[in-house]
Amino acid sequence: MVVSLYTTRVVLQTLGVEDYGIYQTIGGFVMLLGYLNGALSAGSSRFLTYELGTGNIAKLRDTFSSVFWVHLIFAGIVLFLGETVGLWFVYEKLNIPEARMSAAIWAYHLSIVTTVFTITQVPYSASIISHERMNVYAYTSVTDAILKLIIVYLIIISPIDKLVFYSILLFVQSVGMMCFYRWYCVHRFSESSLKAVFDKTIVKSILSYSGWNVFATTSVALCSQGLTVITNMFFNPGVVAARAVANSVNQTANQFVNNFRTAVNPQIVKQYAAQNYDGSKALLLSSTKYSFYLFYLIALPVCLSAEFILQLWLGQVPEYAVQYLQLAIATSLFGVFDLSFYTGLYAKGQIRENSIISSSFFFVAFVLTYILFKLGMSPLVSGWMLLISQIIIALIVKPIMLVKIVNYNYREIFLVFKNCFFVLIISAPLPIILMVYKDHICANYYMREFIVCVGSIICALTTIWFIGLDKVTKKKLSNFLKEKIKR
């Protein structure tokens, strides 16, 4: 998290607001294609994890090989679309200064090729997660962050155009990480040795599952990278940079919770595959609470001290960046429920209803944002549309689906909401008061902002410990901390 935030700061300062906004626009368009890969990768991970849960090794091997060939075909489709329709869109529709078009095209081509390589890597990274090799997952994530830090310093001394050189280095880094994943999986997991197997039954199941996921993922893509693209169409690259900066902080904060969910989700699926439905349900509900608490520890101080954090981090804060960040963090806080509850549907393999209903809200948000931009509304409209959609999906749509499809009951889900929002209501007032009256607390600017941040974290931690956690969990945490201290 720390390295990621630091590299974003230096990249912004080195490339400049204009080039950074251009790269985010180009990358945003490419990631629209990459998000479709996310639909297939979710299906791949689910089926690999499920077969591990059933213990059918022969089918696991056939599943892996079939998944790989599906991704290879999809990579070819992405390459074709990216270099035809996508290239036309970049030339004809994006708002890129003429003087920077050549560099932007270079960045675009390299981003497309990087995406193609990333698509073919998915089965291997899915295998590591399915086998729950979280130490490898952690080491590769840290290595990836360090490599990006090295890239930051290399572009400072770039012998060629900085935007082009930055794109080249990211491509090299991506290929290097891909090679490691493949080497590790082939040497550690027997099913990762490719065979000339294209099992139509397995492929049909994956594509049937992923078909609905494509619809859902397309809506998510439109409401993240798609909004970046249309922001560029209506506003200057500086506004795009502001949105990108806010999203960067938000994504970094989300990594904290996503890595926790990455570790717990395979267990939820495996227990469901082993027909331990009560155990799978209990783990999902408890992990939802802990995911909320983890993100809330970051969300509260970031929202209250957004301007200070961005100023400390970037030096010069782009216009709208503070408001974008606050809206993005609030959206992600409700998104914790959305993503956590989705795991229950994911474990059962029945996601059609989720894809249709949830995606419809995001499609509507995208269309409304485009219309409001055309009417001359503020660029912050996109953030508000996303927040409203996420609240409806997280608090209404997903609970109904869990009850109707996976046989949860409303009382269990209500207890999760009760615990989470009770922690929020009890812990938030004092930090808010500190923020409102911070000018009267201390004359030193940095000290009073520090007091607000630390006060927020202390209030959140204290409330979570005394109200959010049950006695059994507190005892386990206490014993764990005592053992670590003794070591």
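Nothing in this text is a laboratory measurement; each read-out follows from the coordinates by a stated rule. In this text the structure is predicted, and so the values were computed from the model without any measurement. Glycine gets a Cβ as well: all are built from the backbone with ideal geometry, and neighbour counts include every protein chain shown.
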Subject >> For the stretch 57-99: span of alpha carbons on each principal axis (Å, largest first) >> reply: 56, 14, 13
Original post:
Taking the highest mean first, how do the peptides 175-188, 230-243 order by number of other beta carbon atoms within 10 angstrom per residue?
Top reply: 230-243, 175-188
Subject >> Phi to ³J(HN,Hα) by Karplus 6.51 cos²θ - 1.76 cosθ + 1.60 over the stretch 107-117, Hz, x for Gly, Pro >> reply: 4, 5, 4, 5, 5, 4, 5, 4, 4, 4, 5
Subject >> Principal axis dimensions, largest first and in whole angstrom, of the stretch 233-307 by Cα >> reply: 54, 29, 16
**OP:** Tabulate in residue order the Karplus-calculated ³J(HN,Hα) for the stretch 131-142, using 6.51 cos²θ - 1.76 cosθ + 1.60 with θ = phi - 60°, rounded to whole Hz; enter x for Gly and Pro.
**Re:** 7, 6, 8, 5, 5, 5, 4, 5, 4, 5, 5, 5
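Working from the pairwise distances between different alpha carbons, so that the mean of 1/r is found and then inverted, what is the chain's Kirkwood radius in Å?
When all Cα pairs of the chain are included, the Kirkwood radius is 23.8 Å.
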**OP:** Kindly list the residues of the stretch 444-458 that lie in the label zone of Ile485, defined by a backbone N under 20 Å from the point 7 Å along the Cα-to-C-beta vector.
**Re:** 458
**OP:** For the stretch 172-181, take each phi angle, set θ = phi - 60°, evaluate the Karplus expression 6.51 cos²θ - 1.76 cosθ + 1.60, and give the result in whole Hz per residue in order, putting x for glycine and proline.
**Re:** 4, 4, 5, 5, x, 5, 4, 4, 5, 4
Original post:
Looking at the stretch 271-418 from every direction and averaging, what is the projected area of its Cα convex hull in nm²?
Top reply: 10.1 nm²
Original post:
Counting alpha carbon pairs within less than 8 Å and at least 6 residues apart, what relative contact order, in whole percent, applies to the chain?
Top reply: 20 percent
Original post:
With labels modelled as points extended 7 Å from the Cα through the Cβ direction, what inter-label distance (nm, one decimal) is found for Glu412 paired with Val3?
Top reply: 3.9 nm
Original post:
Among the lysines, which have Cα under 18 Å from the Cα of Lys148 when same-chain residues fewer than 8 positions away are ignored?
Top reply: Lys162
Original post:
Which of the pairs Lys270/Lys398; Lys398/Lys486; Lys289/Lys482; Lys281/Lys474; Lys59/Lys475 have their Cα atoms more than 32 Å apart in this structure?
Top reply: Lys398/Lys486; Lys59/Lys475
Subject >> Placed amide H near Leu194: partners under 5 Å, 5+ positions off or other chain >> reply: none
